[in-house]
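Taking it in order: structure first as structure tokens, then the write-up.
Each value in this text was obtained by applying a stated rule to the coordinates, not by laboratory testing. Model, not experiment: these values are computed from the prediction. Cβ coordinates were reconstructed from backbone atoms using ideal geometry, including for glycine residues, and neighbour counts include every protein chain displayed.
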């Protein structure tokens, strides 16, 4: 049991570390192309990258064809709608506010899991732990200098809240219905379909230029983003499909994404340095994660005691 949860924790941290790296690459890519086109290319390539690593490809494809509706639903929720809303909403709000709204995703995941799953109900302790982590995200975000108000903020806030609801619903559906679906098959096919849909949507909405030749940094950033998504989403789908892993608990690890993001900025960007506000936010997030881990361990011990009593 301990080994299982240790491996789940390690893989969740790896996925979150990967998700903390794309922000600079996204900024580079969006200098040369439109948001939906860039997102569509990114995820379409991610799906293709996974294909060569699928063992017994033909056999698993035949099995997956029986559940094409489920794969299509995941593709729309976890790629097309999720990242279409993300790329659109983030353009209407300051970076600090956007970071706070995206950082609230674990709270929405806990709420949707409470509504849609019988074995993942919220408690007052879990609510406190999630709100504590969200508070840490807010502290880190408010320390940024780009927090200014504009007339587009309400629209952006609404879009990013909808983005959180869509992403959380997708997480619950994968956790509930993908137990017999190989993670690589689900990740690959859903990103290929979802990425293709984003590219099609970009044609009437953005009128992108498909024949332009861009500088090398564009293709490097696109390639990095595609690899990050391929690995991180495959890991995440695999964790959501594990027995005993709860959506609300797993998503609390996403609170460490802004921590990794800030640390990477300090290491890579010359004008970025640690400050008291960011370090305070990181400490608050760490307290939140320790509290969630304590609650998980307490629940495990209670389950073991109940199992031993029943076996007598």
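Tabulated results
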| item | result |
| --- | --- |
| Residue 31 versus residue 63: modelled label distance in nm, points set 7 Å from Cα along the beta carbon direction | 4.5 nm |
| The range 12-311 shape via C-alpha gyration tensor axes, a/c threshold 1.5 | oblate |
| Pairwise Cα inverse-distance average, inverted: Kirkwood Rh of the range 1-87 (Å) | 15.7 Å |
| Full-stretch length increase - residue 266, residue 14 - with 0.36 nm per residue and alpha-carbon distance subtracted | 88.8 nm |
| Order by protection proxy (mean Cβ within 10 Å, highest first), peptides 178-189, 10-21, 199-210, 46-57 | 178-189, 10-21, 46-57, 199-210 |
| Packing-based exposure ordering (other Cβ within 10 Å, fewest first) of 224, 124 | 124, 224 |
